[in-house]
Amino acid sequence: MMRALAMDFRTDAQAVATADQYMFGKALMVAPVTSPNTAVRTVYLPANSEWFDFWTGQRYAGGKVVAAKADIATIPLFARAGSILPLGPQRQYADQASAEPVELRVYPGRDGSFEWYDDSGDGPGYAQGEHALRRFSWDQARRRLTIAPWQGSFPGLRREQAFLVRCAAAPGRAGVRVVAAGAPVEVSLPDCR
């Protein structure tokens with residue numbers, strides 16, 4: 001869901017006045033490039049949160065304006081501290097099977113959580129309750145991600161899912177590969193600060 005910054009940062013006057021950036025969900029802030037031949041764009045990072053450059057993992061304090069890379073291949077994109085983003089694997093269509101794990105990118109700095117919704121992808125079964133939710137929770141003090149089992153069901157639900165958990169603050173480090181099934185899985189990321 002796309003929202004103006006004013007929806008999430010009502011007490012931040014500069015965020016309220018910023019009309020050319022938006023939140024995409026609760027985790028991502030997008031700063032579109034609207035001028036041709038642009039290499040850098042100024043971006044306001046709302047206060048009361050830390051922010052991470054999605055592309056580089058660089059951490060920034062909120063309440064500041066930063067210069068972000070904005071060439072033809074890079075839209076300035078920032079993730080809020082405490083976010084958990086599921087990424088990939090790349091597919092040609094939504095239901096294409098893949099043996100690759102789903103990457104879970106954790107943005108440290110505060111506690112966070114995320115709920116993943118899934119259903120069969122076709123037909124009206126979701127309206128009759130045929131869907132499942134899986135909750136992911138980041139505990140900053142313990143530096144631990146908990147992956148809960150699916151709650152709910154639908155025809156074709158894969159109960160077992162492989163994940164590759166990475167700390168966004170350490171983009172060069174290898175992730176931790178885990179398989180989540182019917183019991184909670186805890187992943188320790190001691191260096192995710």
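So the values come out like this:
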read-out	value
Residue satisfying all of: in region 7-48; part of a strand (DSSP E or B) and not β-branched (Val, Ile, Thr); nearest to Ala73 (Cα to Cα) among these	Arg41
Any hit, region 63-76, residues being closer than 30 Å to Glu186 by Cα and without any contact (Cβ under 8 Å) to a residue 60 or more places away in the chain	no
Conditions (1) at pLDDT below 95; (2) surrounded by fewer than 18 Cβ atoms within 10 Å (Cβ to Cβ); number of the one not met by Ala169	(2)
Flag for Ala99 being modelled with pLDDT of 95 or more and over 19 Å from the mean Cα position of the chain (by Cα)	no
Selected residue (only one of Arg80, Arg10 is at pLDDT 95 or above, exposed (fewer than 13 other Cβ atoms within 10 Å of the Cβ) and not β-branched (Val, Ile, Thr))	Arg10
Every residue from region 29-67 that is among the β-branched types (Val, Ile, Thr) and touching a strand residue (DSSP E or B) at 6+ places or on another chain (Cβ under 7 Å)	Val30, Val33, Val40, Thr42, Val43, Val65, Val66
Residue within region 27-47 that is under 22 Å from Val106 (Cα atoms) and modelled with pLDDT under 95 present	no
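The values are calculated or read from the model by the stated rules, or taken from the named source; none is laboratory data. Because the structure is a prediction, the values reported are computed rather than measured. Virtual Cβ from ideal backbone geometry, glycine too; neighbours counted across all protein chains shown.
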